[in-house]
Each structure stands twice: as structure tokens, then as C-alpha cells.
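S.K.: The structure under discussion is supplied below as C-alpha cells; questions concerning it will follow.
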Amino acid sequence: MNTENTGTPVGRLLAYLKSKMQTELTAAFSAGIIPMLNADTLPKLLLLAKPGDILQTAFWLDMGYGRAYKILYDKEGLPFERTIDFFKPRKIMLDPTAFFEGQPGNCYLEITKDAVIVPFTRENFNLLQLSAPETLTLANNILADGQKDGQEKMEMLKLPAKACYEEFKRIFGQGIEQYFPQKHIASYLGISPETLSRLRL
């Protein structure tokens, strides 16, 4: 790893990538990927994609959070947002089907204001594979990591409300409550905002 990046968003992303490989990343990989990586701080909430969009960019979330949601309709026909997932810091946020297969997504994706991100496009991925064959293995390991996280979230959502909320804070960190309205968190947990208020007491 380039020591110049140590302690930076790019450096932390490289450390994460290294942790997902059982062997050292090659010099060709480091030389190829570092020029592709630039950190950015979002001045406002960023809507990445809507249903039907093809999002072929992955995002390292160095700080801040991501959210996936759908717009549903209540009995009166009024729209409301149903949160289906959150993405936590120090992880990669992506839509695997869109990124790798070019298929349209089925939900809205957003990243919070003031988040620090490092984007990485499918075009970057294709170029990196040409010089560093381990790129595909690394991508598969990252996808497996995401599936493991997804399983942990599914187990959390099976718990009773109080235990589910405590596990939610453990998985995502206390900071998530500073980034999202109570209604979005309650929606994800499958409880009412009023119930969430009582759990917070």
C-alpha cells in the first residue's frame, strides 16, 4: 500500500480491500487502482438512483451512511417511503446486479449529507482487471462480505422490538440516528415511530 494514503479515506479503502484478500495485493493492483480513487465530501443529500436506473458506480463510505428505500402507498393511496436497507461507514455500497450485470435497480438509493465517499465505477473495474487479474476475486470476496452483512441484518429483524433496536445500534453504530429521521429507522425496523420513541427512552 502507498504509505502516502495511510490515514486518508483512500488509505482506509485500500486497507479494507487488502483485508478481503488472503494474499497480498499485487504491485500492479495498487499502481492501477490508486489513480482511480478520489475522496469527496457531499455538500447535500445525494440521490444516486431511482427504480429502473442502472447504477454502475460503487461507493466506499468513509463517513456517513447510505439508504435504500421504496415508495409504497397506504390504504388511502397516499405515498410513503419504506426503508429496506441502510449502509454503514467503512463499507462499500453498491447494487451488485446493476454494477456487474447492467440490470436496472428496483429501489431508490441515497447517501447522506456530509458523507465522505470514494466512488469506483464499472469502467474503473474493467480497466483494473486488465492489469490486475486478482480484481475479480477481490470483487467476489467483497460481495460475500456484503452477503454476510445482509444475513446479520436479516437475523436482527427477526428479534423482538427492544432486542432488534439494540442490535440495530450495535450493527450500524449510534451515529446513524444523527443522520436519519426517526420515521426512516422505524420503517426499517418494522415498527411505528411511536414505538421507536419508547425504545429510545
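S.K.: Given (1) polar (S, T, N, Q); (2) in a helix (DSSP H, G or I); (3) surrounded by fewer than 13 Cβ atoms within 10 Å (Cβ to Cβ), identify the lone condition not met by Ser30.
M.R.: (3)
S.K.: Could you please find all residues in region 19-33 being under 19 Å from the mean Cα position of the chain (by Cα) and either among the β-branched types (Val, Ile, Thr) or over 11 Å from Glu134 (Cβ atoms) (or both)?
M.R.: Keep residues of region 19-33 that are under 19 Å from the mean Cα position of the chain (by Cα), which gives 19-20.
Passing the criteria: only Ser19.
S.K.: Here is a check on your reading of the model: is Leu42 aliphatic (A, V, I, L, M) and free of Cβ contacts under 8 Å to residues at least 40 places away in the same chain?
M.R.: So Leu42 fails the test.
S.K.: Restrict the check to region 174-195 and report whether at least one residue is under 30 Å from Gln22 (Cβ atoms), open to solvent by 70 Å² or more (accessible area, probe 1.4 Å) and in contact with a helix residue (DSSP H, G or I) (Cβ under 9 Å, 6 or more places away or on another chain). Quick ask: steps written out before the conclusion?
M.R.: Residues of region 174-195 that are under 30 Å from Gln22 (Cβ atoms), as a first pass: none.
Within region 174-195, not a single residue is under 30 Å from Gln22 (Cβ atoms), open to solvent by 70 Å² or more (accessible area, probe 1.4 Å) and in contact with a helix residue (DSSP H, G or I) (Cβ under 9 Å, 6 or more places away or on another chain).
S.K.: Anything in region 101-126 that is surrounded by fewer than 16 Cβ atoms within 10 Å (Cβ to Cβ) and either in contact with a Gly (Cβ under 7 Å, 6 or more places away or on another chain) or more than 22 Å from Leu46 (Cα to Cα) (or both)? List them, or say none.
M.R.: Glu101, Pro104, Asp114, Asn126
S.K.: Which one is nearest to Glu101 (Cα to Cα) among residues in region 57-76 that are at pLDDT 95 or above and assigned to a loop (DSSP other than H, G, I, E, B)?
M.R.: Checked region 57-76; the qualifying residue nearest to Glu101 (Cα to Cα) is Tyr65.
S.K.: Looking at (1) within 19 Å of Ala115 (Cβ to Cβ); (2) more than 17 Å from the chain's Cα centre (by Cα), can you tell me which one Gly52 breaks?
M.R.: With (1) within 19 Å of Ala115 (Cβ to Cβ); (2) more than 17 Å from the chain's Cα centre (by Cα) applied to Gly52, the lone miss is (1).
S.K.: What's the number of the condition Met93 fails, among (1) open to solvent by 30 Å² or more (accessible area, probe 1.4 Å); (2) touching a strand residue (DSSP E or B) at 6+ places or on another chain (Cβ under 6 Å); (3) free of Cβ contacts under 8 Å to residues at least 60 places away in the same chain; (4) closer than 29 Å to Arg170 by Cβ?
M.R.: (1) is the only condition that Met93 fails.
S.K.: How many of the residues in region 4-42 are in contact with a Lys or Arg (Cβ under 8 Å, 6 or more places away or on another chain) and hydroxyl-bearing (Ser, Thr, Tyr)?
M.R.: Kept after step one, since they are in contact with a Lys or Arg (Cβ under 8 Å, 6 or more places away or on another chain), are these residues of region 4-42: 12, 16, 24-25, 42.
Now restrict to residues that are hydroxyl-bearing (Ser, Thr, Tyr): 16.
Selection size over region 4-42: 1.
S.K.: Any idea which of Glu177, Glu194 is farther than 28 Å from Leu94 by Cα and part of a helix (DSSP H, G or I)?
M.R.: Exactly one of Glu177, Glu194 is farther than 28 Å from Leu94 by Cα and part of a helix (DSSP H, G or I), namely Glu194.
S.K.: Okay, next question. Restricting the search to region 56-80, which residues are open to solvent by less than 70 Å² (accessible area, probe 1.4 Å) and more than 26 Å from Ala186 (Cβ to Cβ)?
M.R.: Thr57, Ala58, Trp60, Asp62
S.K.: Modelled with pLDDT of 95 or more, polar (S, T, N, Q), in contact with a strand residue (DSSP E or B) (Cβ under 8 Å, 6 or more places away or on another chain) and open to solvent by 20 Å² or more (accessible area, probe 1.4 Å): does that describe Thr41? It would help to see each step written out before you state the result.
M.R.: Working: modelled with pLDDT of 95 or more: yes; polar (S, T, N, Q): yes; in contact with a strand residue (DSSP E or B) (Cβ under 8 Å, 6 or more places away or on another chain): yes; open to solvent by 20 Å² or more (accessible area, probe 1.4 Å): yes.
Taking the combined requirement at face value, the residue satisfies it.
S.K.: Got a sec? Which strands (runs of 3 or more DSSP E) wholly within region 88-157 have at least 3 residues that are at pLDDT 95 or above and touching a Lys or Arg at 6+ places or on another chain (Cβ under 8 Å)?
M.R.: Numbers: elements: 91-93, 108-111, 116-121.
Passing ranges, in order: 108-111.
The values are calculated or read from the model by the stated rules, or taken from the named source; none is laboratory data. Because the structure is predicted, anything quoted here is derived from the model rather than measured. Cβ sites come from the backbone with ideal geometry, for glycine too, and all protein chains shown count toward neighbours. Protein only, heavy atoms only, side chains kept; ligands, DNA and RNA dropped before computing areas. Shrake-Rupley method; radii C 1.70, N 1.55, O 1.52, S 1.80 Å.
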